[in-house]
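Written below as structure tokens is the structure these notes are about.
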There are 2 protein chains.
Amino acid sequence: MNKHALIVAGGKGLRMGAEIPKQFLELKGLPVLMHTIRAFRFDPTLAITLVLPADQFTYWKWLCEKHGFNEPHQLVAGGDSRFQSVKNGLMAIAEADALVAIHDGVRPLIDKEIIENSYKVATEKGNALVVVKLKDSIRKQDLLGNSKGVNRENYYLVQTPQTFEVKQILKAYEIAEDDNFTDDASVLEASGEKINLIEGNYKNLKITTPEDLIIANALLQ
Amino acid sequence: MNKHALIVAGGKGLRMGAEIPKQFLELKGLPVLMHTIRAFRFDPTLAITLVLPADQFTYWKWLCEKHGFNEPHQLVAGGDSRFQSVKNGLMAIAEADALVAIHDGVRPLIDKEIIENSYKVATEKGNALVVVKLKDSIRKQDLLGNSKGVNRENYYLVQTPQTFEVKQILKAYEIAEDDNFTDDASVLEASGEKINLIEGNYKNLKITTPEDLIIANALLQ
């Protein structure tokens with residue numbers, strides 16, 4: 001099956017404290033988002049769709065020109081939420097009989113091997129979700145503010161890519177939006193499908209705080 | 001109340017792939033453990049107890065000599081598990097009517113403000129547990145291998161220090177060891193006490209993988 005990558009960069013930069021949205025912050029002189037797109041270009045047959053807030057299109061095109069960045073990609077306008085942005089991106093992928101890896105635009109350090117494995121497992125089982133084990137203990141807090149230690153062995157941190165058959169995830173996204181959908185796997189799950197976990201690594205961090213940028217810079221070396 | 005810090009470094013370095021235990025790996029030319037001890041020395045009245053495997057005492061003393069490291073601390077032999085090591089350390093603290101901050105030897109980037117706040121809250125409420133919110137979505141896996149997305153808003157990642165009244169945590173540690181005790185707060189919790197969560201930061205990472213060492217180096221700059 002043909003392979004698509006749907007890279008979602010909805011960040012308006014609110015959490016970062018910086019002026020510019022997180023996806024445009026620079027790592028080794030290049031915007032985060034360009035690193036992310038390049039991470040998928042190990043396979044030249046892979047079709048890339050980039051979802052960005054419409055009001056960032058001009059800035060993005062200017063950045064591409066400035067950096068001589070000419071990796072082919074389709075540009076799609078994001079929605080008011082991650083859910084809507086992903087849905088817009090999926091609808092722009094014309095091919096239903098294909099695989100799509102949905103990936104956070106602010107996870108530039110994703111390894112080729114993990115991407116390849118996610119397509120492989122999705123080919124065999126319909127979907128693949130990249131996760132890592134928890135390194136720290138966790139606690140669950142109830143509505144009264146009381147917390148309780150829980151066994152971390154049973155929990156996984158969810159990353160991206162989350163890879164699906166286009167037609168299946170597109171159908172799942174017909175559901176009404178819900179705050180419980182924190183990722184694409186939870187949307188597919190709501191349609192009754194079983195989610196297949198595959199192992200990622202800790203390097204694949206999501207850049208959401210100023211520390212993360214320092215960390216990503218160090219890990220890129 | 002007088003303040004103690006119990007720094008626990010039981011690492012035999014198995015997970016790291018390196019020859020030397022994690023607590024002795026170097027950050028900016030100084031073993032991780034020395035950074036950790038120094039993080040508590042902002043208050044010169046604070047009494048520091050260091051728990052190390054007995055077969056690492058000689059190496060530690062050699063390291064202290066090599067680096068001219070002369071921060072006063074009491075050295076206590078660790079046990080076969082973290083539980084036993086903490087228990088040994090607590091029993092070596094002669095003063096029952098005091099506070100003790102139990103801290104991982106491999107968390108060298110702990111901030112002074114967080115340590116101070118943990119003593120403050122423990123003074124007022126009996127204990128304080130440093131936690132951070134989850135940045136990634138999480139999934140819970142059941143015994144059959146099926147996983148399900150859970151609401152990350154209800155979960156916290158547990159760090160250290162975990163700060164207690166010495167007499168109270170010492171009493172809690174009289175309980176039989178149990179695999180469910182992943183940290184000191186869960187031991188105290190088993191004795192029926194309510195745990196008080198306080199906010200930490202993401203910088204306070206636990207050095208457990210080679211990437212963590214790269215990250216810690218970058219964050220130290």
Item to check | DSSP bridge orientation in region B:2-220 - percent antiparallel, rounded to nearest 5 | outcome: 45
Next on the checklist: I need the inter-copy label distances for A:Asp111: point set 7 Å along Cα to C-beta, values in nm with one decimal, smallest first.
Outcome noted: 3.2
Next on the checklist: Let me cross-check B:Met91: its accessible surface, 1.4 Å probe, with only protein heavy atoms counted, in Å² to the nearest 10?
Outcome noted: 120
Next on the checklist: Students sometimes get this wrong: rank B:Ile175, A:Ile102 by accessible area, probe 1.4 Å, all chains present, largest first.
Outcome noted: B:Ile175, A:Ile102
Checklist entry - By DSSP, what percent of the beta bridges with both residues in the protein assembly as shown are antiparallel, rounded to the nearest 5? => result 50
Item to check | Surface accessible to a 1.4 Å probe, per residue, for the residues of the protein assembly as shown, Å² | outcome: 44
Item to check | Gaussian network model of chain A, Cα within-10 Å springs - most flexible of A:Pro210, A:Pro53, A:Pro31 | outcome: A:Pro210
Item to check | Peptide B:138-146 - average C-beta neighbours from other chains (10 Å radius) | outcome: 5
Checklist outcome for this item: at B:Asn2 the sorted inter-copy label distances (label 7 Å from Cα on Cβ side), in nanometres, are 7.5
Checklist entry - When the solvent-accessible surface of protein heavy atoms is calculated with a 1.4 angstrom probe, in what order do A:Asp136, A:Asp178 fall, highest first? => result A:Asp178, A:Asp136
Checklist entry - Among all the aspartates and glutamates, which ones have a C-alpha under 18 Å from A:Lys66's C-alpha, if same-chain residues fewer than 8 places away are not counted? => result A:Glu26
Checklist entry - Using a probe radius of 1.4 Å on protein heavy atoms only, what is the accessible area buried between chains B and A, both sides summed, to the nearest 100 Å²? => result 3600
Checklist entry - What distance in nm separates the simple spin-label points at A:Asp80 and A:Ala96, each placed 7 Å from Cα in the Cβ direction? => result 2.9
Next on the checklist: Taking R0 as 41 Å, what FRET efficiency do you get between A:Glu65 and B:Ile20 from their Cβ-Cβ distance, rounded to the nearest 0.05?
Outcome noted: 0.25
Checklist entry - Which is farthest toward the positive dipole end of chain A among A:Pro31, A:Trp60, A:His103, measuring Cα position about the Cα centre, with Cβ charges +1 (Lys, Arg) and -1 (Asp, Glu)? => result A:Pro31
Checklist entry - Where is the GNM fluctuation largest for chain B (alpha-carbon springs, 10 angstrom cutoff): B:Thr160, B:Thr123, B:Thr58? => result B:Thr58
Checklist entry - So what is the relative contact order of region A:1-140, in percent, for Cα pairs below 8 Å that sit 6 or more residues apart? => result 33
Checklist entry - Can you list, shortest first in nanometers, how far B:Gly29 lies from the same residue in the other copies, with each label 7 Å from Cα toward Cβ? => result 2.9
Next on the checklist: Please compute the modelled spin-label separation between B:Leu30 and A:Met1, points set 7 Å along Cα→Cβ, answer in nm with one decimal.
Outcome noted: 5.4
Item to check | In region B:156-221, GluC sites (Glu not before Pro) in a DSSP loop with at most 13 other beta-carbon atoms within 10 Å | outcome: B:Glu174
Checklist entry - Roughly how many debye, to the nearest 20, is the charge dipole of region A:2-220 about its Cα centre, given +1 on each Lys and Arg Cβ, -1 on each Asp and Glu Cβ, and no other charges? => result 460
Next on the checklist: Under 5 Å between amide hydrogens, which residues at least 5 positions from A:Gln74 or on another chain qualify, with H placed 1.01 Å from N in the peptide plane?
Outcome noted: A:Ile48, A:Thr49, A:Leu50
Checklist entry - If you keep only loop residues by DSSP, which trypsin sites (Lys or Arg not before Pro) in region A:187-221 have at most 14 other Cβ atoms within 10 Å of their Cβ? => result A:Lys194
Item to check | Residues in region A:185-210 occluded by at least 50 Å² - accessible area, probe radius 1.4 Å, against chain by itself | outcome: A:Glu189
Checklist entry - Sorted by accessible area (1.4 Å probe), largest first, how do B:Asp80, B:Asp142 line up? => result B:Asp80, B:Asp142
Checklist entry - Over region A:129-221, what is the percentage of antiparallel beta bridges among all DSSP beta bridges, to the nearest 5? => result 75
Item to check | Whole-Å distance, taken between Cα centres, linking region A:57-73 and region B:106-181 | outcome: 45
Item to check | Over 21 Å between alpha carbons, listed pairs A:Lys167/A:Lys194; A:Lys28/B:Lys206; A:Lys61/A:Lys203; B:Lys61/B:Lys87; A:Lys135/B:Lys61; B:Lys28/B:Lys112 | outcome: A:Lys28/B:Lys206; A:Lys61/A:Lys203; B:Lys61/B:Lys87; A:Lys135/B:Lys61
Checklist entry - Just the accessible area for B:Leu157, please: 1.4 Å probe, Å², rounded to the nearest 10? => result 20
Checklist entry - In terms of modelled amide H atoms, which long-range or inter-chain residues lie less than 5 Å from the amide H of B:Gly126? => result none
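The values are calculated or read from the model by the stated rules, or taken from the named source; none is laboratory data. Fair warning: this is a prediction, and the values are worked out from it, not measured in the lab. Note: ideal-geometry Cβ built from the backbone for every residue, glycine included; neighbour counts use all protein chains shown. Just the protein is used for accessible areas: all its heavy atoms, side chains included, with ligands, DNA and RNA removed. Shrake-Rupley method; radii C 1.70, N 1.55, O 1.52, S 1.80 Å.
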